Protein chains: 4
Amino acid sequence: MKYIISVFIAILFSLPSFGQKPRARDLGVPFVGKPGKYNAITDVKGVEVGYSTIITSKGENIIGKGPVRTGVTAIFPRGKSRKFSPVYANWYSLNGNGEMTGTTWITESGFLETPVMITNTNSVGEVRQAVLKWFVDTDWYSGDKEWFTYPVVGETYDGLLNDIYGFHVNEKYVLEAIQNSSSGKISEGNVGGGTGMVTMGFKGGTGTASRVMTIRDSTYTVGVLVQSNFGFKENLLVAGVPVGQELRDTLNPKVNKSPESYRQEGDGSIIVVVATDAPLLPHQLKRVAQRVPLGIAKVGGIGANGSGDIFLAFSTANEQAFTRTNNVRVETLSNDQINWIFQSTVQAVEEAIINAMVAARTMEGINGNTVYALPHDLLINTLQKYNRLNK
Amino acid sequence: MKYIISVFIAILFSLPSFGQKPRARDLGVPFVGKPGKYNAITDVKGVEVGYSTIITSKGENIIGKGPVRTGVTAIFPRGKSRKFSPVYANWYSLNGNGEMTGTTWITESGFLETPVMITNTNSVGEVRQAVLKWFVDTDWYSGDKEWFTYPVVGETYDGLLNDIYGFHVNEKYVLEAIQNSSSGKISEGNVGGGTGMVTMGFKGGTGTASRVMTIRDSTYTVGVLVQSNFGFKENLLVAGVPVGQELRDTLNPKVNKSPESYRQEGDGSIIVVVATDAPLLPHQLKRVAQRVPLGIAKVGGIGANGSGDIFLAFSTANEQAFTRTNNVRVETLSNDQINWIFQSTVQAVEEAIINAMVAARTMEGINGNTVYALPHDLLINTLQKYNRLNK
Amino acid sequence: MKYIISVFIAILFSLPSFGQKPRARDLGVPFVGKPGKYNAITDVKGVEVGYSTIITSKGENIIGKGPVRTGVTAIFPRGKSRKFSPVYANWYSLNGNGEMTGTTWITESGFLETPVMITNTNSVGEVRQAVLKWFVDTDWYSGDKEWFTYPVVGETYDGLLNDIYGFHVNEKYVLEAIQNSSSGKISEGNVGGGTGMVTMGFKGGTGTASRVMTIRDSTYTVGVLVQSNFGFKENLLVAGVPVGQELRDTLNPKVNKSPESYRQEGDGSIIVVVATDAPLLPHQLKRVAQRVPLGIAKVGGIGANGSGDIFLAFSTANEQAFTRTNNVRVETLSNDQINWIFQSTVQAVEEAIINAMVAARTMEGINGNTVYALPHDLLINTLQKYNRLNK
Amino acid sequence: MKYIISVFIAILFSLPSFGQKPRARDLGVPFVGKPGKYNAITDVKGVEVGYSTIITSKGENIIGKGPVRTGVTAIFPRGKSRKFSPVYANWYSLNGNGEMTGTTWITESGFLETPVMITNTNSVGEVRQAVLKWFVDTDWYSGDKEWFTYPVVGETYDGLLNDIYGFHVNEKYVLEAIQNSSSGKISEGNVGGGTGMVTMGFKGGTGTASRVMTIRDSTYTVGVLVQSNFGFKENLLVAGVPVGQELRDTLNPKVNKSPESYRQEGDGSIIVVVATDAPLLPHQLKRVAQRVPLGIAKVGGIGANGSGDIFLAFSTANEQAFTRTNNVRVETLSNDQINWIFQSTVQAVEEAIINAMVAARTMEGINGNTVYALPHDLLINTLQKYNRLNK
């Protein structure tokens, strides 16, 4: 009976007309820390996010035909209307079973020079190519005739639901994600690069969250966007509550997996992008990226071997940091004041992942493979059982 | 009233004659995973641990006189009676506000050549020196006349309780820790290098735990030892339960801190040593070390700026791996089978930290500074409140 | 007289119709160490190299039309007929102003799973995409229905000569390089990905060299392939002789550079691939990759800011190292015997770069930009002047 | 006959009263680039260097008695009279068969907080301890009652000449090096930590050099100090000339090596400290440290397995960079202007090593082991033979 009700509620929620979608906080998940206005990466001023979501047909997977369940996400640190305008950045990999192009130059230079794009594993090349063409077409380098750069493109694998070997992401969708990018409220769940993703045994996807803090009279924001596609169901924790254990036998994915694969539960990935307006230097941003695993751990992640857990952190402060000629003066937060940035990062990563799961809807993909959304009612029940529901 | 009872119980527990000290599991903390026989790093065959604990006098701190609350911990991967016998190893730093000597050669060679010593921040040099002298005295290199090596010595800061600027650790204590080292059951809490440590607002120290798992018909053990001295009280989680929030106003450390210090709550450190008998190559052991932060996150750590969070992982398998001449054949676990090692590491780190806190007793150190033990009864009550007490 | 003869011979060799092109050794450059049969990366058994070279039209650069001076290089560690067959590998970046996709997974797993492709900076995405399609088309994963992998694609910038913003490398050329790949003697100079490259002020491109050595009764080979596009003319050293200083004012590139570029002399890159049949583990291969800069230094490189100096090392030994299931036993060279591998790497890198320069021919590219080949006769003269010509 | 003369000259040079010792430039070695006033690390304003040199007795090695051939070097980035005053810093290891304590915190924080000390391999602990005591004694933290820090102590192995297992470096000598430290002209060769060292088959030790350059109207200095103890004689290059090959059979070290050692030629180490007044951020200083191997390569180094090749770079600019409270503004050189720093580093490292060899005198150590100085006359002859002598 409980099951029937939950399915009913799940169906209700999945109706697009249902109105304002609840986020994890709305359901009563007791997160710690104070979010920004949108509780999103776009709370960091200047950051724009855009998606293209590609969903076509149902049924058997015919390579090159579909069904398609994929997309592209674009993140512009200083907005797409600002041409070439590098931000200080750095990155860390918890488990490098994944790809993020452009990272070697980030390490070396301390700068992120391009938008951050996220898509499926097999479309990284196409997206990289399309970004470069867009640079040429929009004169991104403002008349410079001999620029070179290395677009940053991350990915996670959606082959459980998507005809990933059919290579359906093309230039059109990349441009769509770029054009769509905007500040303010952004969508979560089955959108953009996160369309076909799975998290901790339930439907995952794109999620976001933010934290606002005061450090010595200045107010800073940390915003996070995740493309979440990782984890073992039995390990799922929500606000410390063992939801995965509780829901272990509920709504298991309906997967007609072909027997010829070595893939295992837990294979997947999570790309995390951390934005902040705090004035952090590249080596400080590396430290921020290294805190991302702490947020993942709180949801139950272990950095599994099959997972590409790659994290990028950038700071929109120091707008004049990049020059090719003169020395510049840049601002830096004292290391001794950085703890709130770390703590906010951990908190926002945890919430962004749960937000992705709460927003995602049940999806049927190739070959009838179905991944169920985390049932909101059962989540609420479980939090209540452990006296952790925020009322 | 509750407070009085808890103090009473705390006093009771702190009596050495109270009998078998309970560990976190005994109190009902619901950890996941199957521990080894001793639930200790010594469950990995060959590993020996020894302590010297130095506690003298009370009252005002007179530099060079005391009070002293410190010690030394020694870990021998293959036992102290086996002379020079390197093990494959690697390491990772979540936050490098600390020291572990010898790591550069571990990265380069893939081998740990010496015991792992842990002490206080200001005694690293003394301990390193004493280990070298012990090598000379015991002909550790079996007749080689021109050996060189780089003893591995880690540290955490105990200056809140200990006369750390008095440099009380000397060769005698190092030898004592070495001589004491043994397999089997080992002590926790205010012992060895962990004697004067603080964790998540309560008394910390040395802790240990282990996990046993089966991977494709082979049984492997992961054992962990922590010297735990980190964290903010309000962040303390025990099995996901927000114990720190609950006990926020309880038993705060009585600290007559001099106003002239920049130290903050959360400054501290955690050294983690992970041992396993699974046949892991150096690059795989790096991966294990990178999972340690996930266990720390579950207790509420954020890798604070003031914390030296440095982690070493070694494998006792492949006893013949080290040669100076011939090629050798070594065994390696398939990457695709490594998830259980990762998961066990995360679980054992979490439990070892809580074990350190449960075992530690309230301690008064220099200038009357007092750090209270985590009250077992309040812990139990809190777990119960959140329906997480294992009965 | 000897001088006259040598100049005569040099002129003879430099005629395109002469047949067998001379390599640096043939000209009398006194390299140290013993090369393999082909003095090429293909001296490492199993390694296959293929090129596609794209050269079209002359004159003004019209983006999308040409002139085109570019190409693709493919390196198969165990030959293209061996399907999915990972080799132990690792990498290092001296200066990361470049891209090599797939490196994050190499660091993590210790394995190189794909061929190594090298092309121009703006074609990395296209080549990555084409390799994945080729995997699908050739059932590279032998029936596995849910594989994922991260093709390794490196690049250097050929925009001085090539219509690089016209994106002329497409799938056809990638397949051509793949199909062409073979063992044995391989071409150098203006071929494959190296077609439009510049080195130390002269025409650069693709170069190769090898060393054979005996370590405790076993014979090992180290083979190197470079795509060389870096350096300041005045720094050029050949066998320690300051050739760049001597030829400073000779044959400067004829470049109608548009004034609107920030590019400087020295911007460029060098991709180096080191192959060996010595049984090295991933952490040992990292050490090999870290020695590549020593070879670059001997030619006069400084790892300039505009240069993408990224190096990959792999070992074809341990053919059974990769499994998804059982433990395996792998062979490893003792660290104490690794010096010859290091020395051979340094020597072969130095020679491969000079080989690339000696083989390259003067090339006119976009807008009449012309890069001159290192004049063999002047090189010989200079070596003679410094008493360094090998007779 | 030539041999006799050279020995005679060597003896002459080794007389302390011989007058101004020639440096490599004085002998006619044709280095590239413009040195500072002292051609020393002390050309960087503020940098002070001090030595203590310990030489006692001759004859058979009795452990604990001698003969002693060792010492301590101290480098203060901003002078010893400036108390706690961190400088931006970073480090790199070409081959980590060595120790440099304190590096983990440098990586994390971006700051070097202590002087850089260099000694022999077995005295690292003693020196670390003595530095901490000196901090206590001199109130280095200006009243802070709970500071902690991690002294930076590097080392190279002098056991061929020195009773290294006798542990002769003690607090007295550490304080002596500290007290002696000064700006201006500094000694080279058999002094300080470099006293008992061997380089490329000849006597090595301490060396220094500097370069001055103009970058966009600002003048910057790069200064280098090496403790040089590495390399194979046959690989020695001086200004590109194969001096090692030429002098291969000349003046081989007279070594009564005990047969019971695994040590090989080439075992050794080189510690390099690079100072600059250019305003470089920590991630830029890492790049500088990564260029050090390029200078070592020019002398013939290969980063041998037995060598601890660890490099530290710091910038004395941005004096206000370190705070515990407020944000600060710091200056940074544009990445696009950094090449001269890189080039100067490579040049100064090369020259500093040769300077160490030129300054070092033949030394007899334990058991009559004798390492000969590079004969100046033969060096000059060889440069002349290859038309490379600067007249």
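The values are calculated or read from the model by the stated rules, or taken from the named source; none is laboratory data. Fair warning: this is a prediction, and the values are worked out from it, not measured in the lab. Neighbour counts are summed over all protein chains in view; Cβ atoms, including those assigned to glycine, are modelled from backbone coordinates with ideal geometry. Accessible surface is based on the protein model in full, side chains and every heavy atom, while ligands, DNA and RNA are left aside. Shrake-Rupley method; radii C 1.70, N 1.55, O 1.52, S 1.80 Å.
Residues are listed down the side, and each one gets a yes or a no for (1) hydrophobic (A, V, I, L, M, F, W, C); (2) within 14 Å of the chain's Cα centre (by Cα); (3) surrounded by fewer than 23 Cβ atoms within 10 Å (Cβ to Cβ); (4) not in a loop (DSSP other than H, G, I, E, B):
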position	(1), (2), (3), (4)
C:159	no, no, no, no
C:177	yes, no, no, yes
C:207	no, yes, no, yes
C:212	yes, no, yes, yes
C:223	no, yes, no, yes
C:229	no, yes, no, yes
Report summary line: Filtering region B:104-113 for residues that are more than 7 Å from chain D (Cβ to nearest Cβ) and either within 25 Å of residue B:307 (Cβ to Cβ) or of a type in the set (Val, Ile, Thr) (or both) leaves a count of 2
Query - Candidate set: region A:136-151, residues that are under 22 Å from residue A:103 (Cα atoms) and either within 7 Å of chain C (Cβ to nearest Cβ) or touching a Pro at 6+ places or on another chain (Cβ under 8 Å) (or both); chosen: the one most open to solvent (accessible area, probe 1.4 Å) - result: A:136
Query raised in the report: Given the structure, is residue A:390 more than 11 Å from residue A:238 (Cβ to Cβ), in contact with a helix residue (DSSP H, G or I) (Cβ under 8 Å, 6 or more places away or on another chain), open to solvent by 10 Å² or more (accessible area, probe 1.4 Å) and not β-branched (Val, Ile, Thr)?
Result: yes
Query - Residue check for residue D:74: modelled with pLDDT of 95 or more and in contact with a Leu (Cβ under 6 Å, 6 or more places away or on another chain) - result: no
Query - residue B:384 being open to solvent by 30 Å² or more (accessible area, probe 1.4 Å), polar (S, T, N, Q) and in a helix (DSSP H, G or I) - result: yes
Query raised in the report: Does any residue of region B:319-334 turn out to be closer than 21 Å to residue B:211 by Cα, of a type outside the set (Ser, Thr, Tyr) and open to solvent by less than 10 Å² (accessible area, probe 1.4 Å)?
Result: yes
**Report entry** Answer residue from region D:335-366, given it is among the acidic types (Asp, Glu) and in contact with a helix residue (DSSP H, G or I) (Cβ under 8 Å, 6 or more places away or on another chain) and is surrounded by the fewest Cβ atoms within 10 Å (Cβ to Cβ) among those
**Finding:** D:350
Report task. Examine region C:36-56 for a residue that is surrounded by fewer than 24 Cβ atoms within 10 Å (Cβ to Cβ), closer than 30 Å to residue C:387 by Cβ and out of contact with any Asp or Glu (no Cβ under 7 Å at 6 or more places or on another chain), and state whether such a residue exists. Result -> yes
Report task. Just need a number here: residues in region C:243-284 that are more than 30 Å from residue C:318 (Cα to Cα), touching a helix residue (DSSP H, G or I) at 6+ places or on another chain (Cβ under 9 Å) and either among the hydrophobic types (A, V, I, L, M, F, W, C) or open to solvent by less than 10 Å² (accessible area, probe 1.4 Å) (or both). Result -> 6
Report summary line: Subset of region D:127-157, residues aliphatic (A, V, I, L, M) and either in a helix (DSSP H, G or I) or farther than 26 Å from residue D:198 by Cα (or both), comes to D:127, D:130, D:131, D:132, D:136
**Report entry** Of all residues in region C:277-334 being of a type in the set (Ser, Thr, Tyr) and in a loop (DSSP other than H, G, I, E, B), the one that is farthest from the other protein chains (Cβ to nearest Cβ)
**Finding:** C:316
Requested in this report: From (1) open to solvent by less than 10 Å² (accessible area, probe 1.4 Å); (2) in contact with a Leu (Cβ under 8 Å, 6 or more places away or on another chain), pick out the condition that doesn't hold for residue B:91.
Outcome: (1)
Report task. For residue A:65, indicate whether it is open to solvent by 10 Å² or more (accessible area, probe 1.4 Å), charged (D, E, K, R), more than 14 Å from chain C (Cβ to nearest Cβ) and more than 28 Å from residue C:104 (Cα to Cα). Result -> no
Report task. Look at residue A:86 and say whether it is surrounded by fewer than 24 Cβ atoms within 10 Å (Cβ to Cβ) and not polar (S, T, N, Q). Result -> yes
Query raised in the report: What number of residues within region A:231-257 are touching a Leu at 6+ places or on another chain (Cβ under 7 Å), in a strand (DSSP E or B) and over 18 Å from residue A:346 (Cβ atoms)?
Result: 0
Requested in this report: Count, please, the residues in region C:114-128 that happen to be within 11 Å of chain A (Cβ to nearest Cβ), without any contact (Cβ under 8 Å) to a residue 40 or more places away in the chain and either more than 19 Å from residue A:136 (Cβ to Cβ) or of a type outside the set (A, V, I, L, M) (or both).
Outcome: 2
Requested in this report: Return yes when residue D:81 is open to solvent by 10 Å² or more (accessible area, probe 1.4 Å), without any contact (Cβ under 8 Å) to a residue 12 or more places away in the chain and either more than 7 Å from chain B (Cβ to nearest Cβ) or β-branched (Val, Ile, Thr) (or both) and no when it is not.
Outcome: yes
